[in-house]
Amino acid sequence: MIRELAKVADELGREKGVSREILAEALKEAIVAAVGRKIGKYLEPEVVVDLDKGHIEILVPKEVSEDVTNKWFEIDMDEAAKYKEDPQLGDVLMVSVTLDDLGRQAALVAKQKLFEKLRDAERQVVFDQFNSKKGDIINGTLLKADRDLLTVSIGKTEAILPRREMMAGDYFNRGDYVRALLLDIKTHKGWPQLVLSRTHPEFMKKLFETEIPEVFEGIIDVKSVAREPGDRAKVAVYSQNSNIDPVGACIGLKGSRINSISHELRGEKIDVVEWSPDPVRFVCNAISPADVVLTNVFEDEGTIEVVVPDDQLSLAIGKKGQNVRLAARLTDWRIDVLKESEYAEIRKERLVAQEQEMKDFYELYNLENLEGLSDSSISALLEAGIDDIEKLSNATPDELTEELEITEEEAVGLINKAIDYLSSKLEEAGVFEEGELDELEEDFSEEDEENEEIREDEEGR
């Protein structure tokens, strides 16, 4: 029985890829559990497993006794003499036994525990083997196809390829070669489940590394990928080596390199563009094959406005907006595409709006709106670069006393007058809610008092 158990363990270990050290430990734990079932858990047996020699030794503790009432816990003097010279009553000796001695039930327990331990070991082997490969390409063969997923054989384990992670043109028969990205490792009923994907952008990036030596060696870097799987994709590439054309190297002679990747992806059309640290240039590259006339950047909105010739608007937008949609994903910018004639009208409207805005600003913040401010004072302020009421409200008393040749008290009064004017205009415009203006004025007053105290302290020192 011992040899049979060792043989089973060795065969299962080779089949599942479990190391001999883990096998020996699993077999040892299984036998300890079987012995414990027979003699109880309070007497710890000793088990020595040597798979190389096919040898397993089981030793159980027995007490030397004059009258043996239980052969599993006691041993007589004559039998004890085989294990120890001159044994004494009460001595505890480690006595060799076999699984056959323990009985059929113990042997079944040992087998059951062995299979449990081997399954745990196999689970850990699978996890350790593939956890470091997440994000890499995995090759396998199709075992079976269900409605929602494919089961793929990968060496000594299996993986699943969900339908949602497959392209529309993906059709596989039993035994077909399957190439996909190891997307994730989940736990299903206590077992690691490998999840594959052929639609993830990272799959295309890894294909570039596989098919293009310069990408694999790090000479060319794949910066970003945007895909509509099975239909079209855009890939941004970059090289710090100015002597290398990253786009040309990825496409290959007569498209040989890019065509091999496209073939793997069921004919998915791939646009390779050059990445740039300049977002405007990058967007212009990404919107190809359309030409860009000019661009406007709205950073606060995360938007770049792209103007193209009238006859290239449909080319820039693409079929059902696909080209501009992929370009936006590739660059992480919202892209607004306008044709030249349309932009000309928008530009006129913007110029009119800007002129009106400047006019409104001038009328609202003109220094002439402050009562009691003479023409000569206005001229002096303009020469000092204080050309509107807002700048006057932010000026310091020292600046005004120097430029207008007035006292500090008059300078403070002039600044307060500017602040009062702006506050009233903001209140009329509904910028402040009720009570907020009073709080703001209190803050200004407290700040003036603090500044006055600081000036007095400095003068005193």
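The values are calculated or read from the model by the stated rules, or taken from the named source; none is laboratory data. Values in this document were obtained by computation on a predicted structure and should not be read as measured data. Ideal geometry is used to build each Cβ from the backbone, glycine not excepted, and the neighbour counts take in all protein chains shown. What goes into the accessible areas is simple: the full protein's heavy atoms, side chains included, and nothing from ligands, DNA or RNA. Shrake-Rupley method; radii C 1.70, N 1.55, O 1.52, S 1.80 Å.
Report the Cα centroid-to-centroid distance between segment 143-189 and segment 275-316 in angstrom, as an integer.
The two parts, judged by their Cα centres, are 39 Å apart.
Given axes a ≥ b ≥ c from the Cα gyration tensor, I'd like to know whether segment 146-256 is rounded (a/c under 1.5), prolate (a/b larger than b/c) or oblate.
Prolate shape, in that a/c is at least 1.5 and a/b is the bigger ratio.
How much net charge surrounds Thr199 when only other residues with a Cβ under 12 Å from its Cβ are counted (Lys, Arg +1; Asp, Glu -1)?
After counting each charged neighbour, the total is -1.
Explain nothing, just the number: dipole magnitude of segment 155-195 about its Cα centre with +1 on each Lys and Arg Cβ and -1 on each Asp and Glu Cβ, in debye rounded to the nearest 20.
Computed about the Cα centre, the dipole is about 140 debye.
Share of segment 201-244's accessible area from carbon and sulfur, percent, 1.4 Å?
C and S atoms contribute 39 percent here.
Which of the chymotrypsin sites (Phe, Trp or Tyr not before Pro) found in segment 132-223 are loop residues per DSSP with 13 or fewer other Cβ atoms within 10 Å of their Cβ?
Tyr171
For segment 311-414, what is Rg from Cα atoms divided by 2.2 N^0.38 Å, rounded to two decimals?
1.92
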